[in-house]
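Okay, so here's the structure we're looking at.
The values are calculated or read from the model by the stated rules, or taken from the named source; none is laboratory data. Only a predicted model underlies this, so the values are computations on that prediction, with no experimental measurement involved. All Cβ positions, even for glycine, are placed from backbone atoms using ideal geometry, and neighbour counts span all protein chains on display.
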Amino acid sequence: MATLRLFGGLWRSRTAPPTVTAASVNAAGTVLTLTFNKAMANPAGKHAQFAANDGSARTFSAAALNADTTKIDLTISGSAIYIGATVTASYTVGTVVAGDGGVLATFSGQAVTNNSTVSSVTTSAVADAGVGYASAVEESAPSATAGDAATDGTVTVSDG
């Protein structure tokens with residue numbers, strides 16, 4: 001049982017705080033999992049206390065305790081994190097606690113292993129003379145050129 005003390009108007013646990021030991025993004029690029037040095041309490045509804053960065057500030061739409069209770073799964077809001085992106089995670093002290101009552105302390109710049117297999121290349125349907133074909137478009141990805149879709153319906157993607 002944790003002992004609580006009032007410090008600066010906030011109740012704080014005297015139990016050692018949990019610490020992050022690893023972090024990773026799943027292959028779909030939609031879930032960031034934080035691994036801790038001890039079992040965590042259910043973080044449901046506390047997702048706003050976490051943030052990520054993959055070149056842009058990212059937020060989460062949900063937080064859940066993993067089947068392995070030393071892990072918290074954070075569902076990424078918006079688009080998936082792309083393959084190759086450098087990802088970091090952060091947390092602003094709030095109400096996330098370990099199963100033993102230890103209060104998670106603020107952290108930032110936590111390195112995240114990016115296991116995403118999601119390409120940043122997107123496809124869209126384009127009509128050419130009444131014949132549809134797909135073209136790949138991306139600001140910084142390999143260039144894409146459409147073959148003669150009216151005759152062969154092919155799309156060629158090249159590295160530059």
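Looking at segment 39-134, the strands (runs of 3 or more DSSP E) lying wholly inside it that each contain 2 or more residues that are modelled with pLDDT of 95 or more and under 14 Å from residue 24 (Cα atoms) sit at 50-53, 71-76, 87-91, 107-114.
Could you pull out the residue among 85, 105 that is touching a Ser or Thr at 6+ places or on another chain (Cβ under 9 Å) and within 30 Å of residue 15 (Cβ to Cβ)? Within the list 85, 105, the selection yields 105.
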